[in-house]
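Working notes, structure below.
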Amino acid sequence: FHLRGEHFRHCKQHGIDISSHHGDFSISAEELLCFETTEEMRNALEQRGSSDEGFDWVVCALKSTSLDAVPDLIDPLLSPKTRLLVIMNGLIEDEIIRLLAGRNKLPKAIYGGMALICSNRLSPGKIDHSYGGKLVVGVAYSEDAKKSGNKCWVDSDKQAIVDLFKPVTPVPFEFDNNLLRGRWWKNVWNLPFSGISVAMGGITVDRIVNDESLRRLAFQVIDETILVANADLKRHGASDEELLGQETRDEMMTLSDGMGAYRPSTMIDMLARKPMEVKYLFRTPVDRAREMGVPVPRLETLVEMIEAHQRHHNLY
């Protein structure tokens, strides 16, 4: 693990404690391999005599506010065989590929991960996993697919990520053949529920789903998100079978009904006066809607309110 600041200092001494509705567990300080820099991670690999092999996988789980830092951060970890999984919110794949290609340092494959699992860091070394969801992953870039002339990924790319998560239980894992669809699928939750939570000054999900007006607004933003998602998917060549529909609408409200007093991460950042994930999570979907001429008036209003919170509190 690469950990930063007080989180590193605490975990180095005390390990990590995870409270989960699936069952609590801990990783002791003796078991935890944590490093303050990625250069130290690379050095540790070299000391084991494995520097020529490099890392098989790098999992990047930063906030999208730190997207520009990713190339420098992961550079010491990459080798020609490395596969990169980026678990972040928002429509970020084009920018990730651009940043890495600009350095001529693309890994063997880049995956995008969408985690709808209600997990928050409460304090250094303390993680709360409050509700069951799933991790959905798709391929953003594949060196093998590029060589073979395939559009996005080859079977070995899918098999590699499936094998990686096969031992991981009980959080369900799904591979999405179309990463763009996966990103929009996650947006169908993020945009209404994180959006309303922040626009309302920081309220929990239960207060949204149990308020008649806010529940109706959430459904309206869900519908607008699905409209722009499907327009975006169609312009990228998606088939009718790949489009989002009523099942996604129902799924996101059903999930939200069971979350209880969940605090979305963007709401937590706003209340803590930390940088907020606005550009790729909220602004980019609205910009895409405008480009395609898809009206999203309620979503646009939410995003403008969120951006106002960001400006007024300087949460950049």
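The values are calculated or read from the model by the stated rules, or taken from the named source; none is laboratory data. Keep in mind that what you see is a predicted model, and the values were worked out from it rather than measured. Virtual Cβ from ideal backbone geometry, glycine too; neighbours counted across all protein chains shown. Just so you know, the surface numbers come from the protein's heavy atoms only, side chains and all, with ligands and any DNA or RNA stripped out. Shrake-Rupley method; radii C 1.70, N 1.55, O 1.52, S 1.80 Å.
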Filter result (assigned to a loop (DSSP other than H, G, I, E, B), of a type outside the set (Asp, Glu) and either more than 26 Å from the chain's Cα centre (by Cα) or farther than 29 Å from GLY132 by Cα (or both)) within the range 23-46: SER28, ALA29, THR37
Per-region count, the range 48-90, residues in a helix (DSSP H, G or I), open to solvent by 20 Å² or more (accessible area, probe 1.4 Å), among the aliphatic types (A, V, I, L, M) and within 23 Å of THR284 (Cα to Cα): 1
Counted residues, the range 109-152 - those being hydroxyl-bearing (Ser, Thr, Tyr), open to solvent by 40 Å² or more (accessible area, probe 1.4 Å) and either over 21 Å from SER26 (Cβ atoms) or in a loop (DSSP other than H, G, I, E, B) (or both): 3
In the range 227-237, residue farthest from ARG283 (Cα to Cα) [restricted to those that are open to solvent by less than 20 Å² (accessible area, probe 1.4 Å) and either outside any helix (DSSP H, G or I) or among the hydrophobic types (A, V, I, L, M, F, W, C) (or both)]: LEU233
The range 254-267: number of residues that are open to solvent by less than 40 Å² (accessible area, probe 1.4 Å) and either over 30 Å from SER123 (Cβ atoms) or aliphatic (A, V, I, L, M) (or both): 3
When residues of the range 95-108 are limited to those that are free of Cβ contacts under 8 Å to residues at least 40 places away in the same chain and in contact with a strand residue (DSSP E or B) (Cβ under 8 Å, 6 or more places away or on another chain), the one least open to solvent (accessible area, probe 1.4 Å): LEU100
Candidates ALA261, ALA272, ALA308, ALA289 - the one that is out of contact with any Gly (no Cβ under 7 Å at 6 or more places or on another chain) and within 17 Å of VAL205 (Cβ to Cβ): ALA261
Contacts under 6 angstrom Cβ, first residue in the range 9-31 being open to solvent by 90 Å² or more (accessible area, probe 1.4 Å), partner outside any loop (DSSP other than H, G, I, E, B) and at pLDDT 95 or above, 6 or more apart: PHE25/ILE18
Residues satisfying the stated conditions in the range 153-197, i.e. closer than 23 Å to TYR141 by Cβ, among the β-branched types (Val, Ile, Thr), touching a residue at least 60 places away in the same chain (Cβ under 8 Å) and surrounded by fewer than 19 Cβ atoms within 10 Å (Cβ to Cβ): none
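Here's the yes/no breakdown for (1) surrounded by 14 or more Cβ atoms within 10 Å (Cβ to Cβ); (2) in contact with a Leu (Cβ under 7 Å, 6 or more places away or on another chain); (3) assigned to a helix (DSSP H, G or I); (4) of a type in the set (A, V, I, L, M):
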| position | (1), (2), (3), (4) |
| --- | --- |
| ARG215 | yes, no, yes, no |
| ILE222 | yes, no, yes, yes |
| THR225 | yes, yes, yes, no |
| ARG249 | yes, no, yes, no |
| MET252 | yes, no, yes, yes |
| ARG273 | no, yes, no, no |
Selection count where residues are without any contact (Cβ under 8 Å) to a residue 12 or more places away in the chain and either of a type in the set (Lys, Arg) or open to solvent by 50 Å² or more (accessible area, probe 1.4 Å) (or both), scope the range 32-47: 4
Selection count, the range 178-213, where residues are in contact with a Phe, Trp or Tyr (Cβ under 8 Å, 6 or more places away or on another chain) and part of a loop (DSSP other than H, G, I, E, B): 1
